[in-house]
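I have placed the structure first, in the form of structure tokens, so that the comments after it can refer back to it.
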Amino acid sequence: PMGGGRGRGRGNWRRDRRYGPLAAASVAVENTWEVVSEFDLAQTSKVQVPRAPTGADVEDLAWFGHLDQFNDQLDKLSVRTAQRMRRFDNKLFVSVSTQHDPVVQEQLLVPPAGNVFVTDAILAHLMCMPRSMLGWDVMVQKSRGLIFLDKRDPPPEGGGEDEPAVDRRNFPFDYVMVDETSFEPPSNDDEREQYNRPNELNAEATMINQCFSQQVLKQGGQRKDMGEPNPFFGEGMAQQGLEAPSTAYRYRRFTLSEDIRVVVRTELHAWSAKGGNEQLLTLFACNEWDSRLSGGVDWRRRLDQQEGSVLTAELKNNAFKMAKWAAQSVLAGADKMKLGFVSRRVPTDAVRHELLKVQTYKPREFASQIDLRETNMWGIVKMVVEQIQAQEDGEYVLLRDPNKALVRLYRVTDDDEEDDSEEDEDDEEEDEDEEDDEDYDDDVPEVDERPPPGEEAGAEVEGA
């Protein structure tokens, strides 16, 4: 039952309020899947490496895309001079999976630039996973000593009326979550307006982040080509009137040890020349939807005079999201992280927004302020990778339990593979029986029963 009596602790009450007793996992676990490892999230916050990769341990492998110049005048923005948010429907925002990345496939695999391949969003997610509250999953492919950490692509939206709506909370690498770590996060309560439910809030936050990253660029500012053209934007897209957003893809290798070399596709969003020094920036946006429902503070009243209280409330309600932004900025080697504060013009209008303020942080200093330690971040990565390396080749799923503070590593198998395995076991038992018969029948002459060349004695098990 939901709720709780006096004998129940605050933590249990909070989890019941958050999810209910039978929250579904982000992906259905099949009966044939096997748990090969398990992580307690409370313990993952304590694992460490002696030191985080630095200096020669961090190498740039390739640069792609371009960066536009940040509009430094927006650093002076205030609630009184708020700027109306604009839409950028002509910009093509993409979220390409690790294994579908053409740079990885065509340039970084032959010879392999590392033995672990991942995007900054997925790696930051794992690095900060002790702060997660919702269920999530990471797809794992292990083959010939190489490990790919990947995401599931969400199904296309706008299906038929009979098709269930996509639960965007299950796709944290494609949508921005809202108030995940709040004491009372957004719910699908029937009494709540549709635009204030999780699915709609996640879509709203995603759109705000995309638009913010383009609105803060300087009109007529200098564009810097960072290397090769954007690998995810083709000529056909330009012919349709689309443009690639200001994004530089920086492929980097982090060497943790001789056995763990992590190749990461990181992202930068703009550059700045403020103070005469060129700086690389990441851009993210917090968004206020309704302070009365979110347990936050009224930004329009507090942001100019009590900025600290606004940031404190955001760090409480969005601890996981903001930690991931800091981790992504550190991974990308950003000099500064720009954080926008975007609010609805009125709480009941989820379409029109205003940019109230832009704050600037040094990524490592910000991470330190929120107690995000690089030695712990990389300690988690090392722990996860070593568990995967200990398994045989195949497909795996790293799954965060939505009801318990646990992450499990499943080996993905199907019925066909189990049938093949059973056939192999039967063949082995038959071979053993034949050997036993030979031991007890010394009068029978030995016969060469080896199969002719080209034939096999048993069925071969295929990887999942």
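The values are calculated or read from the model by the stated rules, or taken from the named source; none is laboratory data. If you're wondering where the values come from, they're calculated on a predicted model, not measured in any experiment. Methodologically, a virtual Cβ is constructed for each residue, glycine included, from the backbone with ideal geometry; neighbour enumeration extends over all protein chains shown. Protein only, heavy atoms only, side chains kept; ligands, DNA and RNA dropped before computing areas. Shrake-Rupley method; radii C 1.70, N 1.55, O 1.52, S 1.80 Å.
If a residue has to be more than 23 Å from Thr54 (Cα to Cα) and aromatic (Phe, Trp, Tyr) to count, how many in segment 218-270 make the cut?
Matching residues across segment 218-270 total 2.
Determine, yes or no, whether Asn376 is open to solvent by less than 20 Å² (accessible area, probe 1.4 Å), under 22 Å from the mean Cα position of the chain (by Cα) and within 26 Å of Val79 (Cα to Cα).
No.
Kindly indicate whether any position in segment 34-45 is modelled with pLDDT of 95 or more, part of a strand (DSSP E or B) and open to solvent by 80 Å² or more (accessible area, probe 1.4 Å).
yes
Any idea which residue in segment 312-326 is farthest from Val79 (Cα to Cα), counting only those that are among the small types (Gly, Ala, Ser) and open to solvent by 10 Å² or more (accessible area, probe 1.4 Å)?
Per the criteria, the residue is Ala319.
Which one of these is within 19 Å of the chain's Cα centre (by Cα), of a type in the set (A, V, I, L, M, F, W, C) and assigned to a loop (DSSP other than H, G, I, E, B): Val138, Val176?
After applying the criteria, what remains is Val176.
Please verify whether Ser329 is touching a strand residue (DSSP E or B) at 6+ places or on another chain (Cβ under 6 Å) and either buried (at least 17 other Cβ atoms within 10 Å of the Cβ) or more than 22 Å from Gln73 (Cα to Cα) (or both), treating the condition exactly as stated.
Values: touching a strand residue (DSSP E or B) at 6+ places or on another chain (Cβ under 6 Å): yes; either buried (at least 17 other Cβ atoms within 10 Å of the Cβ) or more than 22 Å from Gln73 (Cα to Cα) (or both): yes.
Yes; evaluated as a whole, the condition is true for this residue.
If you go through segment 333-350, how many residues are open to solvent by 10 Å² or more (accessible area, probe 1.4 Å) and of a type in the set (Val, Ile, Thr)?
The number of residues fulfilling the criteria is 2.
May I ask you to verify whether Asp60 is of a type in the set (Asp, Glu) and either in a helix (DSSP H, G or I) or open to solvent by 30 Å² or more (accessible area, probe 1.4 Å) (or both)?
Yes.
Tell me, which strands (runs of 3 or more DSSP E) wholly within segment 191-304 include 2 or more residues that are open to solvent by 20 Å² or more (accessible area, probe 1.4 Å)?
Working: elements: 247-257, 260-268, 270-272, 279-288.
By residue number, 247-257, 260-268, 279-288.
For every residue, the table says whether it meets (1) in contact with a helix residue (DSSP H, G or I) (Cβ under 9 Å, 6 or more places away or on another chain); (2) over 18 Å from Gly333 (Cβ atoms); (3) basic (Lys, Arg).
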residue	(1), (2), (3)
Thr181	yes, yes, no
Ser187	yes, yes, no
Ala203	yes, yes, no
Phe212	no, yes, no
Thr247	yes, no, no
Val263	yes, no, no
Gln279	no, no, no
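Residue by residue through segment 265-298, note down the ones that are of a type in the set (A, V, I, L, M, F, W, C), modelled with pLDDT of 95 or more and touching a Ser or Thr at 6+ places or on another chain (Cβ under 7 Å).
Across segment 265-298, the qualifying residues are Leu268, Ala270, Leu281, Leu283.
Among the candidates Ser78, Ser97, which residue alone is out of contact with any helix residue (DSSP H, G or I) (no Cβ under 7 Å at 6 or more places or on another chain), exposed (fewer than 14 other Cβ atoms within 10 Å of the Cβ), small (Gly, Ala, Ser) and at pLDDT 95 or above?
The match here is Ser78.
Can you report the number of residues in segment 114-135 which are out of contact with any helix residue (DSSP H, G or I) (no Cβ under 9 Å at 6 or more places or on another chain) and in a helix (DSSP H, G or I)? Steps first, answer last, please.
Filtering segment 114-135 for residues out of contact with any helix residue (DSSP H, G or I) (no Cβ under 9 Å at 6 or more places or on another chain) gives 119, 122.
Still in the list and also in a helix (DSSP H, G or I): 122.
Number of matching residues: 1.
Restricting to segment 351-373, give me the number of residues that are crowded, with 19+ Cβ neighbours inside 10 Å and not aromatic (Phe, Trp, Tyr).
Residues meeting the conditions: 8.
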